[in-house]
Amino acid sequence: METHPLYPDVAACCQTYPANTAALFQVYCDLLLERKWPEVKAVGSARLGRAVVLGRSRDAPETQLIVPINATEDLSAGLLDLIHAEALVHGPAAVCTLAIVGDDLTVLYYRVQAGIGV
């Protein structure tokens with residue numbers, strides 16, 4: 001992964017939040033290379049204690065907060081509340097999406113909204 005040409009784009013976040021490095025890098029590459037989003041940026045989130053991706057798809061004008069999560073991680077209502085609080089920092093129209101990365105590096109994207117309980 002460190003030898004990939006896109007790794008320098010996420011290296012700082014990977015060093016700060018090493019626990020979700022693989023998921024972050026997989027989601028970053030998927031959005032940029034496969035889905036061809038015009039805006040993709042990895043940023044650290046102290047509130048979430050992990051790196052996230054901010055981006056915008058070709059079809060949507062609003063910023064999306066993408067939270068890479070390993071499939072083996074536990075999800076809680078508390079984590080979803082923190083994700084929504086983080087999204088508000090990036091604008092009231094920000095969309096929250098969980099990017100769940102499997103062991104085989106398959107990425108499943110789930111859009112989440114306030115008010116949904118787990």
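The values are calculated or read from the model by the stated rules, or taken from the named source; none is laboratory data. Since the model is a prediction, treat every value here as computed from it, not as a measurement. Using ideal geometry, Cβ is built from the backbone for each residue, glycine included, and neighbour counts are taken over all protein chains shown.
Could you tell me whether the stretch 22-35 includes any residue that is within 14 Å of Tyr109 (Cβ to Cβ), crowded, with 16+ Cβ neighbours inside 10 Å and either polar (S, T, N, Q) or in contact with a helix residue (DSSP H, G or I) (Cβ under 7 Å, 6 or more places away or on another chain) (or both)? Yes. Quick one: would you say Val95 is at pLDDT below 85, under 13 Å from the mean Cα position of the chain (by Cα) and surrounded by 13 or more Cβ atoms within 10 Å (Cβ to Cβ)? Against the criterion (at pLDDT below 85, under 13 Å from the mean Cα position of the chain (by Cα) and surrounded by 13 or more Cβ atoms within 10 Å (Cβ to Cβ)), Val95 qualifies.
Contact map, the stretch 82-106: first residue closer than 16 Å to Ser57 by Cα, second residue exposed (fewer than 12 other Cβ atoms within 10 Å of the Cβ) and at pLDDT 85 or above, Cβ cut-off under 9 Å, separation 6 or more or different chains; pairs are Val95/Arg111; Cys96/Arg111; Thr97/Arg111; Leu98/Leu108; Leu98/Arg111; Ala99/Leu108. Checked against (1) surrounded by fewer than 15 Cβ atoms within 10 Å (Cβ to Cβ); (2) touching a Ser or Thr at 6+ places or on another chain (Cβ under 6 Å); (3) charged (D, E, K, R), Asp74 passes all but a single condition, namely (2).
Contact annotation: residue pairs with Cβ atoms under 8 Å, 6 or more positions apart or on different chains, pairing a residue in the stretch 67-78 that is touching a residue at least 40 places away in the same chain (Cβ under 8 Å) with a partner that is of a type in the set (D, E, K, R), are Pro68/Arg50.
Residues Leu48, Leu54, Leu82: which one is within 15 Å of the chain's Cα centre (by Cα) and over 23 Å from Ala11 (Cα atoms)? Among Leu48, Leu54, Leu82, only Leu82 is within 15 Å of the chain's Cα centre (by Cα) and over 23 Å from Ala11 (Cα atoms). For the stretch 32-45, the set of residues classified as hydrophobic (A, V, I, L, M, F, W, C), under 11 Å from the mean Cα position of the chain (by Cα) and farther than 16 Å from Gln15 by Cβ consists of Val40 only. Go through the stretch 1-58 and give me each residue that's free of Cβ contacts under 8 Å to residues at least 24 places away in the same chain, aliphatic (A, V, I, L, M) and closer than 19 Å to Gly91 by Cβ. Result: Val40, Ala46. Determine whether the stretch 22-33 contains at least one residue that is farther than 21 Å from Val112 by Cα, modelled with pLDDT of 95 or more, among the aliphatic types (A, V, I, L, M) and touching a strand residue (DSSP E or B) at 6+ places or on another chain (Cβ under 6 Å). Yes, the stretch 22-33 has at least one match.
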